[in-house]
Amino acid sequence: MNRKRNKMFRILIIATLAILVVTVLAVFSIQSEDKNAQFSVGENTDILQFSPYIENETRLDNSLLEYGKVLSKYQTAGYEDYDGEDIVLAGNSFASVEGTISAFTEDFVDEDSSSVVKADSAAVITEGTVTLNYQFTVPKTGLYSLKLDFFMPKQKMTEALLSVTLNGKKPFLESSLIELGRLYEQYDIGNLDDMGNEIKCKQREYFDWQSKLLGNAEGFYRNPYKILLQEGKTQTLTLTFSRQNVCIKSISLVAPLNTPTYEEYKNSIDAKEYDGDVLPRVEVEQSITSKTDMGITMAWDENYCSSPASYGDIDYNIFGGTRWSEGGQAISFETVDIPEDGWYQLSFRYQSPSADIVAFREIKIDGEVPFKEVEEYCFTAANSWVCESLKDEHQNPYMFYLTKGKHEITMTVKLGPFRQVAQTLKETSEFLSGLLKKIVQVTGSARNSDGSYTVDKNRDWDLQLYIPSIKKDVKTCRDALYQCYDRIVELNGNVIPYYASSVKVAADLFDNLSEDIEDVPAAINDINTYMSNIEESIVNMKIQGLTLDYMNIGKNGEEYPDAVSSFWQNIYVSAVRFGRSFTTDYASIGVVNEDSTKDMPEITVYASFGREQFEMLRNLVTEDFTAKHNIKVNLTMVAGAEGLIMMRYVAGTAPDASITFGSGSVVEYAMRGALYPLDTLPGYMDYVNDEDSQFIPACFTGVHYKGHYYGLPETMGCSLMFYRTDVMDELGIDVNKLDTWNDVYDILPILQENDMDFCYSFSVGGYWPILFQHGGDLWDKNGKTSALDTQEAYDAYLEFTNMYIKYKIPYACNFYQRFRNGDIPIGISNLGLYSQLKVAAPEILGKWNMRTLPGHIDPETGEVRRDSGGAGAQTVIIDKVRGEAEKDTSRFDHPSESILNSWEFLQWWMSTDTQAAFAQQVEIAYGVASRWGTANKYALATEPYTDEEMDVIQEQLKWLHEAHSVPGGYYEERYMLHALNKTVLQGENPRANLEDAIKETNKEMKRKQEEFGIGEHDSVIWAEWKD
Amino acid sequence: MAKENTELKSQKPAAPKKRFFNVEKKFGYTMHEIWRNKMSYGLVAPFFIAFIIFSLIPLVASTALSFFYYNILQDPKWVGFDNYQYLFVDDALFLKAFSNTLYYAVIVGPTSYLMQYFFAWFINQTPKKLKPLYVLCFYAPALAGGVMLSVVWLVIFANDSQGYLNSILLNMGLISEPVQWLITVDYIMPIIIIVSLWSSLGTGFLSFVAGFSGVDTELYDAAAVDGVTSRFQKLIYVDIPQTMPQMLFAAILQITGAFSVGGICSAIAGHPSPEDAALTIMLHLGDYSGQRFEVGYASAIAVVLTVMILGCGRLAFKAFGDKG
C-alpha cells in the first residue's frame, strides 16, 4: 500500500515537472516567434503637444517654442505647404554680411582622399563666425523648407553650427542649433596581418558638395524643418555660421517633402515583382560609401551565421552597434547589382546592441525616402541575431521598386515617436525643478554637502497655503509620467526598456503624494533624485543602437533560415574558440610584415593602453617610425607600466623605454638609478629651453632631479572654471569679470541666496593652486625641506580652509550631477568634466562654458596669477646598468645604440605630426569621451575644440605650474590631508595643523635624504647648491 | 595498509642497532625510511613543495632582507640592526599601527573565535537535512566578503543622509544631521570590527562544523550513562575534548588573520585613513614596500609581525595542543 502510494507520488511529481518544462518551452517559443513581429507605433507626426504645466503656452512667442509646437500653431492657423518652384539664393547674393568671407575661386583638392571640389563663382567661404543676410520675396504665403548647398572645407573634424533667423527673430527655438556635418569614407578594406586576421580598414574625411534640407541635428523630428513665409513683404533670412568654416553655394526655399504613403507608392509604379534567384548578400561593412561619423565602424562577431564567418580568424563582418545610436548619424552603402527592374523585398540581418531596445531608422534609396512608412521605420528589439524583412504591422513585407544596377541605401538614426515622450519628460523635469525651489522656499530646508536636503520629518507644513496649485501640480505630474511610461512601453514593442523604470517609480511617488499633500516636503530628496533620473531616462531613450550584418534583396516572402545559428552551431563555435586560445598569440594580432624588419635593430617599449589605442599606436609605429628610421619596435601592451618595469628590472629583462609612465614615479625610479638621464642625449635640452619647443616648461618640473631630466612629457591637462551660462545670466553674474578669488567670494552670497553654490575640490590638490597663486611653493629652492612654513603658504592655507569654513562652499559635492541640475552652476574641475558633459549631458549642450581659473594679483607685476597643476604621463628610457657600474657618469657621454634608438623613438612619438595623428585616431574611435590630452601644444591645437574653448585652454596652460618631485615628498601630501581634515572638519587651529604637517614632512624628507646620501649642501633639484 | 603495518613492526626492532654507528649510516637509514614510506611522502609533496616555495623561502628571505637596505631597483646593502632600531625607537607611526592592530586583534580574535564555535555548535543541533543550508548561510559572508563590503556595508555606513544607518537614525529622530561614519576617527575602528565579525565565519567555522559532525555519537550515549543530562554538559564533557584538533586549527587561523588585518581597513576607511585611525601593521608594511620602496624596513616589520603571530600561536598550542 505504502509503496504504491510512493509510486503514485513519484509519477505525480514527474508529471508536474514535465508540464512545467513544456509550459516554459512553449512560452519561450511563442515569445521568440512573436518577438520580432512588427507593431503599430500609433500616431507619429512632428507636432508636439503643448506643455501641461504651462497655462496657455500657445500665446508664447514662436522663438520660445519648440519646432513641434510652432508647427502645431501653423496647423491650427491652416497654413499650407508651398508647392511651387524652388527659390534659389546664390551664396554670394547676400544683402549684408558680418565677419570674414572669401570667394571660392580655386578648386579644392585634398590629396589624402583624392577628392576634388570644383570652384563655384557663386559660393562664399566663411571664416570664423559669419552672419549672412539674404533678402527675397515669396510668391505665396505658406510653409517652406530650407535647402542648403554647401561643402565643409578641410579643418578640424567637427561639425559647423548654423543659426537661422527670419526677419530678426528665431522662427522656433531650435533654429539656432542646426549642425552641418562632414563626410567620411572607409578604404584599405580586407588587408590581412601575418596570422591571417583582417586588419581594420582605415578611414578618412572626403570632400564633396552636400545638399541638405535643414532639419534637427539630433534626428528629433521626422521631417526637415518648415518655416512660415508671408507673400509680398521683403523677407530677411539671416544665417550665422560658427565653429567651422563653411563654403555656401546656395540657400533655397523649397516645397517641403511630400513623401507618398506605401499605398500611393505601390500604385504609382507599374512593374512586376522580382521572382528570380536568390541574390548575393550586401555585406554592409564592406559596402559603406559614406558616413557622418567616423566613430561608426566595422567590428567582428563570432556568431556561426555572421557573414563572413569570424569565429576562426578575425574577419570584420558587422557594422554599427552602440556607436550608431545617436539621432542624425547616417550611413550609406551600396547594394549588389540588381538584375532587373522590379519590386524587391529588403531584409536585414541585425541585432540590438542593448537588450530590449528598439531602433528607429530612416531608410533612403538613392537619396530619397520611397514612402512614409520608412521615414521612421522601427527595427524591433532583437537580443540575438535575426534576419527580418522591412514589413508593415500585419507582417507583410514592404516591396521596394529598384531599377537595374546598383543603388545606394542610406540609413539615418531617428528618434521616432519617442519625441513626444522625451518632450513631456523634459517639461516635467523642468517643472519639478521649479516646484522644488518653491517648496524649499517654504520649508527652508538646508542643503547637505552632497546636495541633498536635510528634511525635518517631524514638522508639518500647510503647503497649500503657500503654493495653492500644489495639489493640481502633483496630479498633473503623476498623469504625465504615467502617460509617458505607458507610451514608452507601447513604442518599445510592449517590452519594458531599462530606462522606463525610473519614470514609473517617479509616477508612483506622485501617485502617493497626490493623496497626502502633507508628505511632499518630506519627499523633496526623492523628487530631487527622480528628477535627475528622469533626465537620465531622456538621454537613454535617445540611444537606439543597431548592429547590421548584411542586407538581403529578394523576392516577396523570401526567407533566410541560415541567419540564425542553432544550439549545436553555437557549441561548435565555442569549441573552436577554446581550441584556438591555445595556439593564438593574442599579442601579435595585427602585426604585419614581421619578415621585412628582421635585420633591423630592435627596441622594446612598454605602453599601457587599451587594445584599440594600442593597435593605433602599433600601426603608426610600423607605417611611420619603422619605415623611416629602420628601427624595429617591440611594443608590449601592459596595464600599469611602472609596477611591471620594477619587476622586470630586478629580473634584468626590463624594456628599453616606456611611454605612459606615471609622472609621480619618474623621480622615484630616477633616484634609485633605474632611469636614464635624458638631458645627456642630443637635443633634449632644446625641448626644455627653446622658445618654440612643443612642450610647456612646467611639464619638465616634475622630472627634474639633481640637475638631470628623466622624462619627456607625454600628456597634460588643466583645471578650468566651468559655468552654466543660462543660470549666470539669470542671476546677472558676469563670469568674465571673475578674475580673482575675491571676485568669486563676492558672488557667493548671490549664489547662496538662490540655494546654489560654488564647487571647488576639497583636497590637497585643491590647495596647491592657491599656494602657487600666492607665490608659494612646496619645497625650498633646493628641495631639502618643506616650504609651507612661509608666510605665503600660511596665507594660502587660511584662504583655502576659509572657503569651506567661512564661505561654506560644500566640501563634498558631485559636481557633474549638480552642474547638470543647475544648483551648482559654477565650479572648478579638470578637462575630464568637459568630456563628461559633452558626452553625457546633451540636455545642457550650449548652456555652459569654460573660463580660466580665478587667481591672485601678483603684487610685483600686477598680473593675475592663475597657476594650477596638470602634468600627466611621461615617456622614459630605462637605464639598465646596475650595481657599481651605475656610478660611472662618464658612460653618459657614449650612450649605447639601444639608448639612442629609444631616444629616436621618444622624439618621434612626441613629435607634432605623430601626436596629431594619434589624437585624431583616438578621437575617431572613441569620440570626445577619451580625447588624447597630448603634452605637445602644437598637436593639442589641432584637436577638435572650438576656437573659444581652445583659447581658454591655451591661456590656462600658460599658467601650468608643477612642483618638483623630491625624496620623501609624498609625505607632504599625506600630512596636508590630515591637516586639512582637522582644520575644516574638526575646527582645530589651522596654524597648529599646518605646523604638524611641516614637521612630519621635514622629518621624512631628512630620512630619505640620508637614505640617498644627499649631504647637507647637496641640492636635490639642481646640480649645484642654490642660495 | 595492513601489510605495511606488519612490515613496520617486523623491521623496527632492527633499526636502533644501526643508528649508533655513524652519521653516514644514520643518513642512509633516514633515506631508507623515506624510501620505505615513499607513498606518504608523495602524498605530502604537493603541499610541502608549495609550502617551501610560497611560505618558507619568502619567510627566510624576508628575515634576511630585514638586515639590509633594499629598494628593489638597486642591490641590497647591509645595515645590521638599523631597521629594527628605527622600528622600535623612531617610527611613531608604527606604534599607532601596532596599537590599532592590537585593538583589532584583541576584540575580533576571541569574539570571532567564540562566534565560530558556538554557531557551529548551534548548527550541529539542527536536523541533518537543514544543516548544509545553515552552514551555507553563515559561510556566505566570508565567501562574498569583498563584494558585499562595497555593496552592503559602505552603503549602510555611507556618510550622507541616504546611507541606511543615517537614514534610519534620521527617521527615528535620534540624530538631526547625518553622521560622518567613515571619516570620524572614533567610529572607524568599531565599524571595521563590526564588518570583520560579520564576515569572520570562514574556514575555522567550517572546520568546527566538520569537527562536530565527526564526534562519535556513541560517546553521547556513554556520557548519558555517566549522568550527563543537559546539552551544555554534553558540550563541556564530550564536544570540546573531541574537537580539540579543530579548535587548535581554528585558533591558529584566527590569530594569523587578526594580526595581519589590512585590506578590510583600507577598503572601509581608505589609505591613508583619517588621522591614521585605521592604520594597521600590514598597511604600514605595505606603505613602506609599495610607496617608499624600503623593502628592507618593510621586511623588519614583517619579521616583528611574524614573531607576534608565532608567540600567540605557541599559546594556542599550549591551550589546545596534544592533551586531548
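Coordinate-derived values only; no laboratory data. Please read all numbers here as calculations on a predicted model, not as lab measurements. Every residue, glycine among them, receives a Cβ derived from its backbone with ideal geometry; neighbour counts consider all protein chains shown.
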Which value results for Rg/Rh of segment A:880-1010 when Rg is the Cα radius of gyration and Rh the Kirkwood radius based on the inverse mean 1/r? 1.14
Placing +1 on each Lys and Arg Cβ and -1 on each Asp and Glu Cβ in the protein assembly as shown, then taking the dipole about the Cα centre, the residue among B:Gly173, A:Gly1013, B:Val303 whose Cα reaches farthest towards the positive end is B:Val303
Projected convex hull area of segment A:101-214, Cα atoms, direction-averaged, in nm², equals 10.5
Please build a GNM for chain B, connecting alpha carbons under 10 Å apart, and tell me which residue among B:Tyr104, B:Tyr70, B:Tyr41 fluctuates the most. B:Tyr41
Over 29 Å between C-alpha atoms is what I'm after, so list which of A:Lys438/A:Lys808; A:Lys1026/B:Lys77; A:Lys266/A:Lys414 land there. A:Lys1026/B:Lys77
Just to be sure I understand the model, the point goes 7 Å from the Cα along the line to the Cβ. What's the resulting A:Val336 to A:Asn802 distance in nm? 7.8
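Mean residue ellipticity at 222 nm from the helices of chain A, using -39,500 (n - 2.57) per DSSP H segment of n ≥ 4 over the full residue count, to the nearest 500 deg cm²/dmol? Mind dumping the intermediate values first?
Working: 26 runs with 333 residues, N = 1027.
When only DSSP H runs of four or more count, the value is -10000 deg cm²/dmol.
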Estimated dipole of the protein assembly as shown in Debye, rounded to 20 [Cβ of Lys and Arg +1, of Asp and Glu -1, Cα centre]: 6820
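Once the piece of chain linking A:Arg204 and A:Glu955 is laid out straight, how much longer is it, given 0.36 nm per residue of separation minus the C-alpha distance between them?
Numbers: separation 751, 0.36 × 751 = 270.36 nm, distance 3.11 nm.
Stretched out fully, the A:Arg204 to A:Glu955 stretch lengthens by 267.2 nm.
Any number yet on Rg/Rh for the protein assembly as shown, C-alpha, Kirkwood? Intermediate results must be reported in sequence, preceding the final value.
Values: Rg = 37.3 Å, Rh = 37.4 Å.
Reported Rg/Rh (Cα atoms, Kirkwood Rh): 1.00.
Among the listed pairs A:Lys958/A:Lys1003; A:Lys272/A:Lys391; A:Lys73/A:Lys372; A:Lys364/A:Lys847, which are separated by more than 27 Å between their Cα atoms? Intermediate values should be presented prior to the final figure.
Working: A:Lys958/A:Lys1003 34 Å; A:Lys272/A:Lys391 19 Å; A:Lys73/A:Lys372 23 Å; A:Lys364/A:Lys847 34 Å.
The pairs that break the limit, which is 27 Å between Cα atoms, are A:Lys958/A:Lys1003; A:Lys364/A:Lys847.
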Rounded to the nearest 0.05, what FRET efficiency do A:Arg891 and A:Asp486 have when you use their Cβ-Cβ distance and R0 = 60 Å? 0.20
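Send over the Kirkwood Rh of segment A:364-429, from the inverse of the averaged 1/r over different Cα pairs, rounded to one decimal Å. If you can, show how the numbers build up before the last one.
Working: mean 1/r = 0.0688 Å⁻¹.
Every distinct Cα pair counted, the radius reaches 14.5 Å.
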The simple spin-label model distance between A:Ala575 and A:Ala18, using points 7 Å out along Cα→Cβ, in nm, is 3.1
Within segment A:150-184, what residues put their amide N at less than 19 Å from the label point 7 Å along the Cα-to-Cβ vector of A:Glu98? A:161-172, A:175-178
Please return the longest stretch of chain B lacking exposed loop sites, where trypsin sites (Lys or Arg not before Pro) count only if DSSP places them in a loop and at most 14 other Cβ atoms lie within 10 Å. B:130-322
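Taking the highest mean first, how do the peptides A:783-789, A:366-372 order by number of other beta carbon atoms within 10 angstrom per residue? Walk me through the numbers on the way to the answer.
Details: A:783-789: 22.4, A:366-372: 16.1.
Order by mean packing, descending: A:783-789, A:366-372.
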Under-19-angstrom lysine pairs by C-alpha in segment A:110-227, whenever the two are 8 or more apart or on separate chains: 12
Taking 8 Å as the Cα distance limit and 6 or more residues as the minimum spacing, I'd like the relative contact order of chain A as a percentage. 11
As I understand it, the dipole of segment A:505-570 uses +1 on the Cβ of Lys and Arg and -1 on the Cβ of Asp and Glu, about the Cα centre. Which of A:Ile524, A:Leu513, A:Asn556 lies farthest toward its positive end? A:Asn556
Can you give me the Kirkwood hydrodynamic radius for segment A:942-1027, using every pair of distinct Cα atoms, in Å to one decimal? 16.2
Determine, from the Cβ-Cβ distance of A:Thr129 and A:Glu1010 and an R0 of 60 Å, the FRET efficiency 1/(1 + (r/R0)^6), rounded to the nearest 0.05. 0.45
Over the Cα atoms of segment B:113-264, how large are the radius of gyration and the largest Cα-Cα distance (Dmax), in Å? 19.9, 62
Just how large is the dipole of chain B about the Cα centre, in debye to the nearest 20, putting +1 at every Lys and Arg Cβ and -1 at every Asp and Glu Cβ? 1740
Which aspartates and glutamates have a Cα less than 13 Å from the Cα of A:Lys457, not counting those fewer than 8 places away in the same chain? A:Glu518, A:Asp519, B:Glu177
Taking only the alpha carbons of segment A:261-413, the radius of gyration and the largest Cα-Cα distance, Dmax, both in angstrom, are 15.6, 48
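Using a Förster radius of 25 Å, what is the FRET efficiency between B:Ile34 and B:Leu59 based on their Cβ-Cβ separation? Nearest 0.05, please.
Working: r = 24 Å, r/R0 = 0.97.
That pair, B:Ile34 with B:Leu59, gives E of 0.55.
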When the chain is fully extended, how far beyond the present Cα-Cα distance does A:Glu753 get from A:Lys438, taking 0.36 nm per residue of separation? 112.1 nm
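Looking only at Cα atoms, what is the convex hull volume of chain B per residue, in Å³? Could the numbers behind the result be given before it?
Numbers: hull volume 74.1 nm³, N = 324.
Residue-normalised Cα hull volume stands at 229 Å³.
If you take each beta carbon of peptide A:1002-1009 and count the beta carbons of other chains within 10 angstrom, what is the mean?
Rounded to a whole number, the mean comes out at 1.
Starting with the fewest neighbours, write out A:Glu106, A:Glu1000 ranked by other beta-carbon atoms found within 10 Å of each beta-carbon.
Working: A:Glu106 8, A:Glu1000 20.
In order of increasing Cβ crowding within 10 Å: A:Glu106, A:Glu1000.
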Using the basic label-point model (7 angstrom from Cα toward the beta carbon), what is the B:Gln85 to A:Glu518 distance in nanometres? 7.6
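How big is segment A:419-541 by the Kirkwood estimate over distinct Cα pairs, in Å? Mind showing how you got there, number by number?
Details: mean 1/r = 0.0673 Å⁻¹.
One over the average 1/r among Cα pairs gives 14.9 Å for segment A:419-541.
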Full extension between A:Thr790 and A:Gln817 adds, at 0.36 nm per residue less the Cα distance, a length in nm of 5.9 nm
With chain B treated as a Gaussian network of Cα nodes joined by springs under 10 Å, which of B:Asn37, B:Asn159, B:Asn71 yields the largest mean-square fluctuation? B:Asn37
